[in-house]
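Report on the structure given below.
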Amino acid sequence: MSSGRPELARRILSQGVRVNDEALDAPGSSLQPLVDRLRSAGVGPGDVVVLNGLTGRALVTAAVAAWRLDAVPLPVPEAGEPPLGATRGACRVTEDLTVVPRTGEQGDLGLATTAVLHLSSGSTDRPKATRRGVASLLCEAEGYRIGLALTPGDRVAVPVPLVHSFGWGVAMSTMLAGADIEVTPFVRAGTLARRLDSGEVSVLALTPPLARLLTGARRQGEFQPRAVMAGAGRIGDDLDAAFRERFGVPLLRGYGCSETGGTFFGDRGMGRPVSGVDILHPPPGARGELVLRLPAPVEGYLCDPVQPTREWRSGDIVRHGTDGSVHFVQRVRGPLRLNGRFVRTDGITKSLQAVTGVRDVFLLVLPRTDSPEIEDFHAVVEGNPAGTDLVAALAEHSDGSPVPRVLVCREMPRTVVGKPDRNALTDLVRKGSEAA
């Protein structure tokens, strides 16, 4: 039984889509030579191919080349070995499309139907390799095709990192729909705005921070994009209004997880579920953790023994409107373990979030630098709250949980997809502790 990976490559190539103005398999392109080098390096069905630090067209080329050989691409943002024991020693493709042969046997990783492996953000734990199935990618592509009304005549700009599931999903969905893509990484707001104003780009996918930068770019033409979608972050009414005023179109919303791909699309809140996605919880008019039934199985994580399932607990608390729209409230952050014991954190988080001026709270446990066998409990608070109010909020919290050390910052460091950056937060806390 075929994995379906070669069919993904065939479908993309057969439609003649252009990536940065040139077909992937145009005469003299790097696709076929890369396929030949991967084959010579021993890459075959089910093998993992690590795409090290690739961006834009190079990443798309390497992914399609891996699929041609029925292999599984694993995009990672930096060169070197990925932080996953199961893929160490795998064949790698570096930034200049050099192939580094594998250094050992991979073994059976259970990737019979997996199309791609994505590293999770690591915002709540160490990064894990999420498995996206071929069927899941095709369902996501159909959702984007309908949601963005994509046609073969469209030129879709995706100036966000393709190594993350959001950028990857839009780029691959666009090509599977037969539309052309522009995947040059974002450098200057003025350059991208000019392409929108001149009509060179008809559809745009970006993150809210990039949308904010674009609103300040001067107008350089009379065209306006047909559709613009912002994903991987929340969109405030002020940003939506500013973007609409500058470009003449609203910011469409997109939502999804690394494990599922895009699942929501619309013009309010997080949008509404795409075709085939059902909301199991919460019911309309209620608030709670978002639980979905998906049209394709969630395959879980690399080497995860859990069977694929169509039911997915998102880990996000949402408000489900009676009109069918869904609005993000906050992330469910899992239990923390402090010095060998689990800590109840819901009450602490709610108490701090209730303080005037607090926009977000992130809790983490870190070993002491000079005594790593001892762990300390920290809370990073984003916003501009009064210190006395934070102390009072923690004093009123009395469920027996340890009291965290609080560090306040105006803007919490976040990843390129808008999630709290755990590594940067760790550095921030350590610097704050040293200065105390």
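Taking amide H positions as placed 1.01 Å from N in the peptide plane, with prolines and chain starts having none, which residues 5 or more places from residue 257, or on another chain, fall under 5 Å of its amide H?
Close amide H contacts, sequence-distant or interchain: 263.
Could you work out the relative contact order of the stretch 336-435, using alpha carbon pairs under 8 angstrom and six or more residues apart, expressed as a whole percent?
Over the stretch 336-435, the number comes to 24 percent.
So what are the ³J(HN,Hα) numbers for the stretch 215-230, from phi and the Karplus equation (6.51, -1.76, 1.60; θ = phi - 60°), rounded to whole Hz, Gly and Pro as x?
5, x, 7, 6, 6, 10, x, 9, 6, 9, x, 6, 7, 9, 10, 10
Taking the Cα centre of the chain as origin, work out the dipole magnitude from +1 charges on Lys and Arg Cβ and -1 charges on Asp and Glu Cβ, in debye rounded to 20.
The calculation lands at about 300 debye.
For a quick protection proxy, order the peptides 223-231, 19-27 by their average other-Cβ count within 10 Å, most packed first.
So the peptides 223-231, 19-27, ranked by packing, come out 223-231, 19-27.
Please sort 386-397, 252-263 by packing, taking for each peptide the average over its residues of neighbouring beta carbons within 10 angstrom, highest first.
Ranking the peptides 386-397, 252-263 by packing returns 252-263, 386-397.
Charges at C-beta only: +1 for Lys and Arg, -1 for Asp and Glu. How large is the resulting dipole of the stretch 336-435 about its Cα centre, in Debye rounded to 20?
Here the size comes out at about 200 debye.
On a 0 to 90° scale, report how tilted helix 31-40 is relative to the longest principal axis of the chain, with both axes built from alpha carbons and the result rounded to the nearest 10.
So the inclination is approximately 80 degrees.
Which FRET efficiency value, to the nearest 0.05, is calculated for residue 327 and residue 423 with the Förster distance at 25 angstrom and r the Cβ-Cβ distance?
Step by step, r from the Cβ atoms, then E = 0.30.
In a Gaussian network model over the chain where Cα atoms closer than 10 Å are linked, find which of 187, 277, 298 has the largest mean-square fluctuation.
Answer for the Gaussian network model of the chain: 187.
For residue 368 and residue 220 in one chain, what is 0.36 nm times their gap in residues minus the Cα-Cα distance, to one decimal in nm?
47.9 nm
Given Cα pairs under 8 Å that are at least 6 residues apart, what percent is the relative contact order of the chain?
Normalised by residue count, the contact order of the chain is 11 percent.
Starting from the Kirkwood Rh over alpha-carbon pairs, what translational D in µm² s⁻¹ does the chain have by Stokes-Einstein at 4 °C and 1.567 mPa s?
After rounding, the answer is 56 µm²/s.
Considering only the chain, what is the antiparallel percent among its DSSP beta bridges, to the nearest 5?
65
Normalised by the number of residues in the stretch 255-356, what is the relative contact order in percent for Cα pairs under 8 Å and 6+ residues apart?
Computed value for the stretch 255-356: 21 percent relative contact order.
Can you compute the helix-only [θ] at 222 nm over the chain? Use -39500 (n - 2.57) per DSSP H run of at least 4 residues, normalise by all residues, nearest 500 deg cm²/dmol.
Theoretical 222 nm ellipticity from helices: -8000 deg cm²/dmol.
What is the Cα coordinate range of the stretch 336-435 on the first, second and third principal axes, sorted by size from largest, in whole angstrom?
Cα spread of the stretch 336-435 along its principal axes, largest to smallest: 36, 36, 27 Å.
Ranking request for peptides 198-206, 160-168: highest mean number of other beta-carbon atoms within 10 Å first, then the rest in descending order.
In decreasing order of mean packing, 198-206, 160-168 become 160-168, 198-206.
Which of 240, 421, 36 ends up with the largest GNM mean-square fluctuation for the chain, with Cα atoms connected below 10 Å?
In the Gaussian network model the winner is 36.
Where a number appears in this text, it was derived from the coordinates with a stated rule and is not lab data. Every value quoted in this text rests on a predicted model; they were computed, and no experiment measured them. Don't worry about glycine lacking a Cβ; one is built from the backbone with ideal geometry, like all the others, and counts go over all protein chains shown.
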